[in-house]
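To start, the structure under review is shown below, and the notes come after it.
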Amino acid sequence: MSTVPLARLEEIIDASGVAPRIETLLPIGVRHRQLQVRTLLAGMLLTLADHRPAHLTRVRDALTALPPEDQARLGVTEDWKAGPHQLTYRQTERTFGLVTDVLAKDHPDGLPSAALAAICDDLLEASIPQEHKHASTALAVDWTDVETFSRPPPRGTRDCADPEAWWGHRSGGGPGQDSELFFGYYASAGTMMPEERRPAVPELARRMTVSSCHADPARALVPVLTAMPASGIPLGDILADSGYAHRDADAWAIPLRLAGAQLVQDLHPSDRGPRGTHEGAIIANGNLYCPATPRPLLGLGPLARDATVEETAAHDTQAAELARYKLGKITSDDADGHHRVMCPAVMSKIRCPLRPGSMTLTRDRPEILTPPGHPPACCDQQTITVPPEVAAKTRQKHDYPSRAHRRSYARRTGAERTFSTAKDPASNNITHGWTRLMGLAPLMLWLACLLTVRNQRILTAWDARQHHNAHRAAAGLPPRTRRRRRKTLATLAATTAPP
């Protein structure tokens, strides 16, 4: 039994408008085609909503299991000359093959065609109810592995049943195994997350794409995200791990900033700390700092996951101290990406002999004891201009690795939850054999349908939780919170110690 009503799935298909657009692309055959695109998409969604694998035989089974009146309405059963005729597997395979052929590229290169990308975008967008479309502009992004059903090609060749697939890396499954090879594709998704200091929102997948493993998944996702403002969906915070942040600036950070996004991301270890100077100011972690900034502060790294309360407080104190030495931004970016920053002593954040007015500040501020003998431009001038190429890759919304950044970046785990639900063995487990269709177009269309169904499950759970919280509020009880179940070795040792 489907966990999502057929009526709701049909509403999504009709709201997206993808069915008639695909129909206009299909060739006009001599014989009447019984299975229409709208019915095919409904069968695919029903199959996934029933936790079935993405097999075309399952699509036919889902359609032929509908009540007789629905079968007649959707064209699953038609009156032929010899009497009523029910949809066959060959007809299901035929329509699906026509759809994927017109949505695939004439010369496949491991990236989706514009038509396929637009179809998947519209289908996902239609799965989000109107009351949630403007709830948040923040997106958590991530990619995951999706194996192809094809066997890998022999060593040194590309001869296989799925020529668009290629070798990629994923997290290792064995003890101490950092990564392992797989043969297939990368699936990327952007999941809605709450904005900072705003109420929670349902974690709905809003955009997705699929690319071959020989293509960079970060570069493949950028055009999907940057096209959202043209569709009336502004970009807000983009939450990404170091796999995205470590890409070249023109591959990730720059196009997203041009589209209006603000980056909140983890920095790769090779991008942390001092990375050159500009007008004498030290470039570190995406910001400009006073030349006299203590080196230990510039080398401050992110807080460890198992840090104690005392370690967290000490780390936040150091991060706040480092912020005092930062050159403050006093203008927004102009049309060319330039902005101006001001000396921290002029902004009354530190005491510096080169700025006599700052020496009258109270001594609770840091003091520069040995200023540069030959002051650079950042010390000689009150403000300096920062061109867009300075810290283009590492610049982001919050100072790294401050407390504000840590709290904001914690929202990124929503992207991991998106793929964990897609790989849940209790539902649609997208591991090897989940679909036996090969090629990027069939796989991406199935994955778009899967995330569409997943969004409906998330909405059902969200509505139930909101109703439960409202019931508790009416009874004078606080909302139920989740308990933190992470335990440390110290905790276990304390609880299991003999008396």
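Just a yes or no: is a residue in the range 19-40 acidic (Asp, Glu) and more than 23 Å from GLN86 (Cα to Cα)?
no
Would the range 238-245 turn up any residue that is open to solvent by 30 Å² or more (accessible area, probe 1.4 Å), touching a residue at least 60 places away in the same chain (Cβ under 8 Å) and under 14 Å from the mean Cα position of the chain (by Cα)?
Yes.
Taking the stated definitions as given, is LEU225 within 20 Å of LEU124 (Cβ to Cβ) and either without any contact (Cβ under 8 Å) to a residue 40 or more places away in the chain or outside any helix (DSSP H, G or I) (or both)?
Here the answer is no, as LEU225 does not meet what is asked.
So which residues in the range 129-169 are surrounded by fewer than 21 Cβ atoms within 10 Å (Cβ to Cβ), part of a loop (DSSP other than H, G, I, E, B) and β-branched (Val, Ile, Thr)?
Correct list: THR137, THR157.
Those residues that are touching a helix residue (DSSP H, G or I) at 6+ places or on another chain (Cβ under 9 Å), open to solvent by 30 Å² or more (accessible area, probe 1.4 Å) and in a loop (DSSP other than H, G, I, E, B), I need them from the range 249-291; list them, please.
GLY260, ASP266, HIS268, GLU279, PRO291
Taking the options GLY337, GLY357, GLY373, name whichever one is modelled with pLDDT under 95 and assigned to a helix (DSSP H, G or I).
GLY357
Just one of the numbered conditions (1) in contact with a strand residue (DSSP E or B) (Cβ under 8 Å, 6 or more places away or on another chain); (2) more than 20 Å from PRO371 (Cβ to Cβ); (3) of a type in the set (A, V, I, L, M); (4) open to solvent by 30 Å² or more (accessible area, probe 1.4 Å) is not true of MET342; which one?
Evaluating MET342 over (1) in contact with a strand residue (DSSP E or B) (Cβ under 8 Å, 6 or more places away or on another chain); (2) more than 20 Å from PRO371 (Cβ to Cβ); (3) of a type in the set (A, V, I, L, M); (4) open to solvent by 30 Å² or more (accessible area, probe 1.4 Å) leaves (2) as the failure.
Check ARG355 against each of (1) surrounded by 17 or more Cβ atoms within 10 Å (Cβ to Cβ); (2) in contact with a strand residue (DSSP E or B) (Cβ under 6 Å, 6 or more places away or on another chain); (3) without any contact (Cβ under 8 Å) to a residue 24 or more places away in the chain and name the one condition it does not meet.
Evaluating ARG355 over (1) surrounded by 17 or more Cβ atoms within 10 Å (Cβ to Cβ); (2) in contact with a strand residue (DSSP E or B) (Cβ under 6 Å, 6 or more places away or on another chain); (3) without any contact (Cβ under 8 Å) to a residue 24 or more places away in the chain leaves (2) as the failure.
Could you list, in sequence order, the residues of the range 98-109 that are exposed (fewer than 15 other Cβ atoms within 10 Å of the Cβ) and not charged (D, E, K, R)?
If the condition is that a residue be exposed (fewer than 15 other Cβ atoms within 10 Å of the Cβ) and not charged (D, E, K, R), then HIS107 is the only one that fits.
So which residues in the range 423-456 are farther than 18 Å from ILE12 by Cβ and outside any loop (DSSP other than H, G, I, E, B)?
LEU440, ALA441, PRO442, LEU443
Inspect all residues belonging to the range 250-257 and state whether any of them is under 29 Å from LEU369 (Cα atoms) and among the small types (Gly, Ala, Ser).
No, the range 250-257 contains no residue that is under 29 Å from LEU369 (Cα atoms) and among the small types (Gly, Ala, Ser).
Give me a count of the residues in the range 276-329 that are among the charged types (D, E, K, R) and more than 31 Å from the chain's Cα centre (by Cα).
5
Identify all residues within the range 306-334 that are in a strand (DSSP E or B) and open to solvent by less than 70 Å² (accessible area, probe 1.4 Å); write none if there are none.
LYS326, GLY328
Only one residue in ALA189, ALA200, ALA135 is within 28 Å of ILE458 (Cα to Cα), of a type in the set (A, V, I, L, M, F, W, C) and within 16 Å of the chain's Cα centre (by Cα). Which one?
Being within 28 Å of ILE458 (Cα to Cα), of a type in the set (A, V, I, L, M, F, W, C) and within 16 Å of the chain's Cα centre (by Cα) holds for just one of ALA189, ALA200, ALA135, which is ALA189.
Taking PRO112 as the residue in question, decide whether it is outside any helix (DSSP H, G or I) and buried (at least 22 other Cβ atoms within 10 Å of the Cβ).
Yes.
Any residue that is surrounded by fewer than 14 Cβ atoms within 10 Å (Cβ to Cβ) and either within 16 Å of GLY280 (Cβ to Cβ) or of a type outside the set (Phe, Trp, Tyr) (or both) - is there at least one of those in the range 386-394?
Yes, the range 386-394 contains a residue that is surrounded by fewer than 14 Cβ atoms within 10 Å (Cβ to Cβ) and either within 16 Å of GLY280 (Cβ to Cβ) or of a type outside the set (Phe, Trp, Tyr) (or both).
Let me confirm something: among LEU25, LEU48, which residue is farther than 22 Å from ALA461 by Cβ and either in contact with a helix residue (DSSP H, G or I) (Cβ under 8 Å, 6 or more places away or on another chain) or without any contact (Cβ under 8 Å) to a residue 40 or more places away in the chain (or both)?
Testing whether each residue is farther than 22 Å from ALA461 by Cβ and either in contact with a helix residue (DSSP H, G or I) (Cβ under 8 Å, 6 or more places away or on another chain) or without any contact (Cβ under 8 Å) to a residue 40 or more places away in the chain (or both) leaves just LEU25.
Taking into account only those residues within the range 396-432 that are crowded, with 19+ Cβ neighbours inside 10 Å and hydrophobic (A, V, I, L, M, F, W, C), which is farthest from LEU181 (Cα to Cα)?
Applying the filter and picking the extreme gives ALA415.
Okay, residues lined up against (1) on the phi < 0 side of the Ramachandran plot; (2) in contact with an Asp or Glu (Cβ under 6 Å, 6 or more places away or on another chain); (3) touching a residue at least 12 places away in the same chain (Cβ under 8 Å); (4) acidic (Asp, Glu):
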position	(1), (2), (3), (4)
ARG363	yes, no, yes, no
HIS374	yes, no, no, no
ALA377	yes, yes, yes, no
ILE384	yes, yes, yes, no
ALA392	yes, no, yes, no
ARG395	yes, no, yes, no
ALA404	yes, no, no, no
SER408	yes, yes, yes, no
PRO425	yes, no, no, no
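Pairs, please: C-beta under 8 Å, at least 6 apart or cross-chain, first residue touching a residue at least 12 places away in the same chain (Cβ under 8 Å) and in the range 444-472, second in a helix (DSSP H, G or I) and of a type in the set (D, E, K, R)?
That search, which allows pairs on different chains as well, returns GLN456/ARG8.
The values are calculated or read from the model by the stated rules, or taken from the named source; none is laboratory data. All of these numbers come straight from a predicted model, not from anything done at the bench. When we count neighbours, we look across all protein chains shown, and the Cβ atoms used for this are built from the backbone with ideal geometry, even at glycine. Surface areas here come from the heavy atoms of the whole protein model, side chains and all, with no ligands, DNA or RNA. Shrake-Rupley method; radii C 1.70, N 1.55, O 1.52, S 1.80 Å.
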